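Before any comments, here is the structure.
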Amino acid sequence: MDSSNNNFKQQTLAIIDCLFQDEDVYECDGLEDSEHDDFNPVKIAAKLRELGDHYDETVIKPLIKDVQDAAADQVVSVFGKSVNALCKMWAAERPEIVPEKEILKATVALALYVKNNCPDMTSTIRAATFSIFNNQIGSWITQQGGWEQASCL
């Protein structure tokens, strides 16, 4: 595994850690890295939280119901399908959108909804979020200049 991919995965984990903390927590332990002074997972997580909070519960709630009703071994898959369904809704409304940006927004919106309303599913959804960020949009985030740039879009 090359070092930039490994660095991206470490940054993604740090951001997810911050994202899933309580909103009044402003620090993530052990994340100081002089080599990456511009990388601040707390600020990036806060920005992602703003993106996620932007979406109305009337859209998210039905999608999460499917996640809640899924068998334990199907939660990650159903969560991914819910993210894709939300993206398709947005794409139908605005075909000019960047699909990767919508995947980022949808993942955050759905993950935060689960965190706040289904806390027993948080660890599974954290894993699903990491998987989506790395497997579906990781190369796009890297092309945007990394998390520092992608979270500002």
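The values are calculated or read from the model by the stated rules, or taken from the named source; none is laboratory data. Remember, it's a predicted structure, so these values are computed and weren't measured experimentally. Keep in mind that these areas ignore ligands, DNA and RNA; they rest on the heavy atoms of the full protein, side chains included. Shrake-Rupley method; radii C 1.70, N 1.55, O 1.52, S 1.80 Å.
Per-structure values
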read-out: Net lengthening on full extension, residue 97/residue 122 (0.36 nm per residue, minus Cα-Cα); value: 6.1 nm
read-out: Karplus-derived 3J(HN,Hα), 6.51/-1.76/1.60, for each residue of segment 73-79, Hz, glycine and proline x; value: 7, 10, 4, 4, 5, 5, 4
read-out: Surface accessible to a 1.4 Å probe, per residue, for the residues of segment 58-102, Å²; value: 61 Å²
read-out: Most to least accessible of 88, 115 (protein chains only, probe 1.4 Å); value: 88, 115
read-out: Solvent-accessible surface ranking, highest first, for 83, 78 at 1.4 angstrom; value: 78, 83
read-out: Heavy atoms of residue 49 accessible to a 1.4 Å probe, total area in Å² rounded to 10; value: 20 Å²
read-out: 20 Å Cα-Cα threshold exceeded, pairs from 47/81; 65/101; 61/88; value: 47/81; 65/101
read-out: Accessible-area ranking of 89, 121, largest first, probe 1.4 Å; value: 89, 121
